[in-house]
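Some notes on the structure that comes next.
The values are calculated or read from the model by the stated rules, or taken from the named source; none is laboratory data. No experiment lies behind these values; they were computed from the predicted model shown. With ideal geometry, Cβ positions are generated from the backbone for all residues, glycine too; neighbour counts draw on all protein chains shown. Quick note on the areas: whole protein, heavy atoms, side chains included, nothing else; ligands and nucleic acids left out. Shrake-Rupley method; radii C 1.70, N 1.55, O 1.52, S 1.80 Å.
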Amino acid sequence: YKKDIDKAIIRVLNGGRYVLGKELERFEERFAALVGTKYAVGVGNGFDALYISLLSVKASRRSVYVITPLHASVHNAIHLSGALETTDINLAAIVIETISPHVSYGYVYDKRRRAIIEDACQSISMKRKVPSYVTTSCYSFHPLKVLHCYGDGGAIALNDEELYKAIKEFRNH
């Protein structure tokens, strides 16, 4: 893929648009199709994907339940968003982690009352689509991930148009 990668790098360098722009829009469209959602929003890294998702669904203090092993990025994003992990039944958001393309815990919640934020940073695969009950699915393109980029990167995949617009506005700020 070297020739294609080199062409893409030259195209970006010659275009002078190093942040956002048409290349990112093209990637977002292709990534959304890959994971089976209507929208994808490119962000700085997997942590940003989790953090922005939590802020965008307005997770508040004591409103997030986490179904995940203890990983710093998930718990740091929750803490910085102002939310706390809880077992309270009046949840604003639930964060689940999908470790591999073949594991999707199967938890189904009432989406009218709760947001399901999936930490899918380890699960990028052409064989796995975002489950329909997931509000946002968060990805990392860190160089140690299956799908990676130069440096760091991330994405949020989702189907809700209103939330998509809010996340893009937040990202573009």
Can you pull the Kirkwood radius for the stretch 6-60, inverse mean 1/r over Cα pairs, to one decimal in Å?
12.9
Pop out the ³J(HN,Hα) list for the stretch 33-45 in order, Karplus 6.51 cos²θ - 1.76 cosθ + 1.60 with θ = phi - 60°, rounded to Hz; leave Gly and Pro as x.
5, 4, 9, x, 10, 6, 9, 9, 10, x, 9, x, 5
Express in Å², to the nearest 10, the accessible area of GLU169 obtained by rolling a 1.4 Å probe over the protein heavy atoms while all chains stay in place.
130
Extended-chain gain in nm, criterion 0.36 nm per residue less alpha-carbon gap, LYS165 and LEU20:
50.7 nm
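Heavy atoms only, probe 1.4 angstrom, no DNA, RNA or ligands counted: give me ASP48, ASP4 ranked by accessible area, highest first. Before the final figure, lay out each step's value.
Values: ASP48 50, ASP4 100 Å².
Largest accessible area first, the residues go ASP4, ASP48.
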How much net charge surrounds ARG11 when only the other residues with a Cβ under 13 Å from the Cβ of ARG11 are counted, with Lys and Arg +1 and Asp and Glu -1?
+2
If the limit is 30 Å between Cα atoms, which of LYS7/LYS58; LYS7/LYS38; LYS2/LYS165 go over it?
LYS7/LYS58; LYS2/LYS165
Output ordering of 30-43, 130-143, 13-26 (per-residue mean of other Cβ within 10 Å, highest first) is 130-143, 30-43, 13-26
